[in-house]
1. Work out from phi, with θ = phi - 60° and the Karplus expression 6.51 cos²θ - 1.76 cosθ + 1.60, the ³J(HN,Hα) of each residue of segment 14-25, listed in order in whole Hz, and give x for Gly and Pro.
2. Ordered by residue, what ³J(HN,Hα) values in Hz, to whole numbers, does segment 187-204 give under the Karplus form 6.51 cos²θ - 1.76 cosθ + 1.60, where θ = phi - 60° and Gly and Pro are x?
3. Between beta-carbons, use under 14 Å as the cut-off and find the net charge around L259, counting Lys and Arg +1, Asp and Glu -1.
4. As a check on your grasp of the helix formula, calculate [θ] at 222 nm for the chain: sum -39500 (n - 2.57) over DSSP H runs of n ≥ 4, divide by the residue count, round to the nearest 500.
5. Which of the following values of semi-axes √(5λ) of the Cα gyration tensor in Å was calculated from the structure shown: [x] 57, 20, 15; [y] 32, 29, 15; [z] 25, 22, 19?
6. Using the Cα centre of the chain as the reference point, and only Cβ charges (+1 on K/R, -1 on D/E), how large is the resulting charge dipole? Debye, rounded to the nearest 20.
7. Once phi is turned into θ = phi - 60°, what whole-Hz ³J(HN,Hα) does the Karplus curve with 6.51, -1.76 and 1.60 give for every residue of segment 176-181, x standing for Gly and Pro?
8. Just how large is the dipole of segment 4-157 about the Cα centre, in debye to the nearest 20, putting +1 at every Lys and Arg Cβ and -1 at every Asp and Glu Cβ?
Amino acid sequence: MSQATLTLLDGGMGRELKRVGAPFRQPEWSALALLQGPDYVTQVHRAFIDAGAQVITTNSYAVVPFHIGEARFASEGRGLAALAGRLAREAAAGTAVQVAGSLPPALGSYRPDLFDQPRALAIHRELIDGLGPHVDLWLAETQSSLAEARAVREALGDDGKPLWLSFTLVDACAPSDAPRLRSGERVTQAVDVALELGVSALLFNCSQPESMGPALIEARQALGARAAELRLGVYANAFAPVSEEAQANDTLLDIRADLGPAAYLQWAQRWVEEGALIVGGCCGIGPEHIRQLHQQLQA
């Protein structure tokens, strides 16, 4: 595969904010830095750009009622989203780096059971209004179900920016199990929905590296002759397996010790061989990981 075809994403904003000493706690997670230390957000964006990222993602993942509360979201949500977009745009100024507007699960990570379409639409529309002037593309990330993905597409309406759709997967499946979204839906169904919705890329994120290869292979096979219509990508996290009973914001998950930059590079090389054209990192994957990918995959 030609190196020129590979797009390199950034890594995980939240854990990097915590690592550099930004205001950080649950339940606000990465949104607390927007409220109390926005310069830290700029610092992390620039660290990922310096490491070689070609796309950085706005720090809007936690700008939802699930993290900042209903009252604060009602009064400050759109403004915080706009701030997240502006900080990313300013960090990318003077470079060729693109800004992806993060549209998170509106009602909680890993919780397809909490999905409510009218509420999700309202939340996404606030984020879209705030982020819209600052972003080059939309990244609906850590989606647990097809219904969540459809709601994002509906909320965007006639917005003409490219949409990248990224699903989180069930971790720790047996080798004989088909890869599944956290809703239990198949990756083949996700491919069908991505094609139906006209998205530009289908990715898998916020799951273990071990979960990604089978999903990529199944997605590529499902695309078949339509492979040119949809770019595939991966940005894994460095968490231990997140169980189907996990509650987001319930605890601060541990970071694996076996996923340093060199080890993560080996996984990324596999994903590229398996058809990934977009690669980056999620929670626990920092600038040092992205620098390794840049040096070895795009040197």
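1. x, 5, 6, 4, 4, 5, 8, x, 5, x, 7, 6
2. My calculation for segment 187-204 gives 4, 4, 5, 4, 4, 4, 5, 4, 5, 4, 7, x, 6, 8, 8, 10, 10, 10 Hz in order.
3. -2
4. -13500 deg cm²/dmol
5. Answer by label: [z].
6. Rounded to the nearest 20 debye, it is 440 debye.
7. 7, 7, 6, x, 10, 5
8. 140 debye
Here, each number is a calculation from the coordinates, and none is a lab measurement. All of these numbers come straight from a predicted model, not from anything done at the bench. Here Cβ is always computed from backbone atoms with ideal geometry, including for glycine, and neighbour counts include all displayed protein chains.
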